[in-house]
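Heads up: the structure comes next, in structure tokens.
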Amino acid sequence: MRTRSHAIMERARALFPGGVSSPVRAFRGVGGEPFVVERGLGSRIWDVDGGEYIDYVLSWGPLVLGHAEPSVIAALDDVMRRGTSFGIPTELEVELAERVRERMPHVEMLRFVSSGTEATMSAVRVARAVTGRDVILKFDGCYHGHADSFLVRAGSGVATLGLPNSPGVPEALASLTVVAPFNDLDATEALLARHAVAAIIVEPVVGNSGFIPPDPGFHIRLRSLADTYGALLVFDEVMTGFRIAYRGAVERFGVTPDLTTLGKVIGGGVPVAAYGGKRELMEQVAPSGTVYQAGTLSGNPLAMAAGIATLDGLTQPAHDTIAARTARLVQGLREIAARRGIPFTADCAGSMWGFFFRAEPVRSFTDAKTSDVERFKRFFHAALERGVYLAPSAFEAAFMSSAHSEAEIDATLDRLDDAMRVVG
Ligand SMILES: *Cc1c(COP(=O)(O)O)cnc(C)c1O
């Protein structure tokens, strides 16, 4: 029994809306109450009552090397002793930015911020400034953080809680965001023809309405539509960055966006994100240009140190190993579901993966919503009872880290086979 967890959550509910610091953590998508975590190591986490779980959430994506990875801890420890924040340039910022640009040369110039929300919000500000247009085109079920302009048919917690939009976002602002179904190029083109769109923003592989890959050629067509209609193309790689390929979406899809947003992995579990792209676009940002954006803790040394250690640990061979293990886990799950006669579809890209209880592949958020969410909820709890922690929502992706060994993947498949038996 999770006695201490219950007691702590009771105190938390008196202090925080839903007892949490971010909505999906409250388990509303699966029912029941969250466990309270005490520590993590490698692929595992332990709750305050001693329960042990193989973790496929990994802080919602950042921990591509696993929990408390020794090189990340050593880097943090070293930097921390020299001071935690200065608000003055440090070499660490340059070091992390050079690593990003080495893998993503189209990110010629960038700016560090502290959350993915800030990154996408700022990228859109740049796009609006340089195009002189106000309208943003996004895709149904994609999540780009909680800035006002993006809380329109959004994914992640917005999808999990079944909220259409958010109160508090002025209609005048919401009306500047137009939404197409993911993978629907005709609908996208119709919107571009009707509105003067500043930017098309997209998750290159959707991870915020469950895991949804793009159709072959989708991004190539998006690129040409953006060019035809004079819109910028923004790849929101806050989740996919350094997960779907060693060099991200450009490597995977052969398409170069104008602006890219990054987060999660580049901070290795410490708050950091970035936006960047073509030099002439980024030079519009203050103080080079007039588009204002700033942050007291931006480029924070601890965050930079964790990011550097994480990218250094995530070598091409390391990435390839994690990707191969992810593919093996996904294939194993498909086989289990098929053997048990359960309608199921699963897929992965690099170290990102996901599944739905639905026979046919999922191409859009509309498809995702036809999956068997009730069965997902039972499966989630059955997995948790067997020591496997999946995202507590049918509309979130899962992740893998370099700390997940072959033996742990075997153990996961055994436990999830048994969980499938329970829900079959
Ligand atoms: C997580 C996420 C964000 C928001 O990042 P925060 O750091 O939570 O603000 C934005 N876009 C995508 C694609 C994400 O997955």
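The values are calculated or read from the model by the stated rules, or taken from the named source; none is laboratory data. Bear in mind that the values here come from a model prediction, so they are computed numbers and not experimental data. We place every Cβ from the backbone using ideal geometry, glycine too, and count neighbours over all the protein chains shown.
Here are a few things to note about the model shown:
- Residues located in region 44-96, provided they are among the small types (Gly, Ala, Ser) and surrounded by 12 or more Cβ atoms within 10 Å (Cβ to Cβ): Gly51, Ser59, Gly61, Gly66, Ala68, Ser71, Ala74, Ala75, Ser85
One line per residue, one yes/no per condition, for (1) within 13 Å of the ligand (Cβ to nearest atom); (2) surrounded by 16 or more Cβ atoms within 10 Å (Cβ to Cβ):
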{"site": "Arg101", "(1), (2)": "no, no"}
{"site": "His146", "(1), (2)": "yes, yes"}
{"site": "Leu151", "(1), (2)": "yes, yes"}
{"site": "Asn165", "(1), (2)": "no, no"}
{"site": "Pro170", "(1), (2)": "no, no"}
{"site": "Val178", "(1), (2)": "no, yes"}
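- The residues in region 10-22 that are within 16 Å of the ligand (Cβ to nearest atom) and either more than 24 Å from the chain's Cα centre (by Cα) or under 17 Å from Tyr389 (Cα atoms) (or both) can be counted, and the count is 0.
- Hey, Asp134 modelled with pLDDT of 95 or more, more than 12 Å from the ligand (Cβ to nearest atom) and under 22 Å from the mean Cα position of the chain (by Cα) or not: no
- Of all the numbered requirements in (1) touching a strand residue (DSSP E or B) at 6+ places or on another chain (Cβ under 8 Å); (2) under 26 Å from Arg358 (Cα atoms); (3) free of Cβ contacts under 8 Å to residues at least 60 places away in the same chain, Phe182 misses one, and that requirement is (3).
- Filter pass, Asp215 being outside any helix (DSSP H, G or I) and acidic (Asp, Glu): yes
- Scan of region 339-379 for residues that are within 20 Å of the chain's Cα centre (by Cα), among the aromatic types (Phe, Trp, Tyr) and not in a helix (DSSP H, G or I), ordered by number: Trp353, Phe355, Phe356
- Verdict on Gly155 being on the phi > 0 side of the Ramachandran plot, touching a residue at least 40 places away in the same chain (Cβ under 8 Å), in contact with a Phe, Trp or Tyr (Cβ under 7 Å, 6 or more places away or on another chain) and within 14 Å of the ligand (Cβ to nearest atom): no
- Candidate set: region 212-232, residues that are over 18 Å from Ser364 (Cβ atoms) and crowded, with 24+ Cβ neighbours inside 10 Å; chosen: the one farthest from the chain's Cα centre (by Cα): Ala231
- Scanning region 128-164 for residues that are charged (D, E, K, R) and touching a Pro at 6+ places or on another chain (Cβ under 9 Å) yields Asp140, Asp148, Arg153.
- Checking each residue of region 382-390 against the condition of being over 14 Å from Phe355 (Cβ atoms), part of a helix (DSSP H, G or I) and of a type in the set (Lys, Arg) gives no match.
- Ser156 vs. criteria within 16 Å of the chain's Cα centre (by Cα) and modelled with pLDDT under 90: yes
- Long-range neighbours under 6 Å by Cβ, at least six apart or interchain, first residue outside the structural domain of Ser288 (by TED's automatic domain parsing) within region 120-148, second surrounded by fewer than 20 Cβ atoms within 10 Å (Cβ to Cβ) and not basic (Lys, Arg): none
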